[in-house]
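This report refers to the structure that appears directly beneath it.
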């Protein structure tokens, strides 16, 4: 698995930038769709994966990549874990405050490290593990006044963290080309989600996925699907070419950028504890990047010294 090498791999840098811009964009587009048109959440996710699969189908027709056979069992587990990840994170958001939800999401990184250490025997240096301390502290400071626990919300949050961690780890073990995984996972996830959506949202009638929607609403949903295609593509690219831990670190960075952007562009209130939280989180991310690059240089030196 390639290590993080921002200076030597322009494609990874491009993937990070695409993910940053598309992830920020998709939040505002989806918020607009929810508020302006009332389009259901999980149904929109279903549209996202259908458009993602169609986009990948066009990519393979254009010879951007060639589909290869992958074990159906592995793809099925990946698709099922994705559906669980969507369902439990949505239920966590529904039954918890925003602060509790964000704090639970921050726990994904240490759970991924625990899974990879225990099950896949992957080792992480103490320095890398210690970078989780300022990041967790930063998230806690950001959400301190909005953290409220209840039994049902805590159960959904814990299940969401576990399934999300498994979903990201399964993408990597055993290693496969990122586009290959997404190409087969997208249609399977669409099928599984189509079975899950009726349990939470209507299929027909008012506000149903097949209900009477205006042309502007359909255009916005389709546009959201195209942006989601870029988000999904860049997520798989980042995880497939770096690691699940690196992707989660980048997710914390996006969270800080969103808070800072809201303050600078929209004059959203930013309290002192939030500012301290951003500084702590950024300090943890910079430390992780520094230690990761140092490990890479050490690995190169060892290879160079071999006879």
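The values are calculated or read from the model by the stated rules, or taken from the named source; none is laboratory data. Computed from a predicted structure; not experimentally measured. All Cβ positions, glycine included, derive from the backbone under ideal geometry; neighbour counts span all protein chains shown.
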TODO: Would you point out the residue of the range 1-41, among those that are surrounded by 15 or more Cβ atoms within 10 Å (Cβ to Cβ), in a loop (DSSP other than H, G, I, E, B) and modelled with pLDDT of 80 or more, that is farthest from the chain's Cα centre (by Cα)?
DONE: 39
Open item on the list: Please verify whether residue 200 is surrounded by fewer than 18 Cβ atoms within 10 Å (Cβ to Cβ) and over 27 Å from residue 58 (Cα atoms), treating the condition exactly as stated.
Closed with: yes
- [ ] Test each condition in (1) farther than 19 Å from residue 202 by Cβ; (2) assigned to a helix (DSSP H, G or I) for residue 44 and report the one that comes out false.
- [x] (1)
- [ ] Return the pairs, sorted by first residue and then second, in which the second residue is outside any helix (DSSP H, G or I), the first residue lies in the range 224-236 and is more than 14 Å from residue 30 (Cα to Cα), the beta carbons are less than 8 Å apart, and the residues are 6+ apart or on different chains.
- [x] 236/171
TODO: Please state which of the following conditions residue 195 fails to meet, knowing it meets all the rest: (1) at pLDDT below 80; (2) more than 22 Å from the chain's Cα centre (by Cα); (3) surrounded by fewer than 18 Cβ atoms within 10 Å (Cβ to Cβ).
DONE: (1)
- [ ] Considering each of 169, 163 in turn, give the residue that is at pLDDT 85 or above and in a helix (DSSP H, G or I).
- [x] 163
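Check the range 64-72 and report whether any residue there is under 16 Å from the mean Cα position of the chain (by Cα), closer than 26 Å to residue 163 by Cα and in contact (Cβ under 8 Å) with a residue 60 or more places away in the chain. So that I can check it myself, show each step before the final result.
The initial filter retains those residues of the range 64-72 that are under 16 Å from the mean Cα position of the chain (by Cα), namely none.
No.
If you scan the range 73-91, which residues turn out to be at pLDDT 75 or above, over 22 Å from residue 253 (Cα atoms) and buried (at least 20 other Cβ atoms within 10 Å of the Cβ)?
Taking the range 73-91 and keeping what is at pLDDT 75 or above, we get 73, 75-85, 88-89.
Now narrow it down to the ones that are over 22 Å from residue 253 (Cα atoms): 73, 75-84, 88.
Answer for the range 73-91, where residues must be at pLDDT 75 or above, over 22 Å from residue 253 (Cα atoms) and buried (at least 20 other Cβ atoms within 10 Å of the Cβ): 75, 78, 79, 81, 82, 83, 88.
Would you point out which residue out of 265, 218 is modelled with pLDDT of 85 or more and under 29 Å from residue 40 (Cα atoms)? So that I can check it myself, show each step before the final result.
Working: 265 fails: modelled with pLDDT of 85 or more.
Within the list 265, 218, the selection yields 218.
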Open item on the list: One residue is enough: does the range 52-72 have a residue meeting the conditions closer than 22 Å to residue 107 by Cβ, surrounded by fewer than 17 Cβ atoms within 10 Å (Cβ to Cβ) and in contact with a helix residue (DSSP H, G or I) (Cβ under 9 Å, 6 or more places away or on another chain)?
Closed with: no
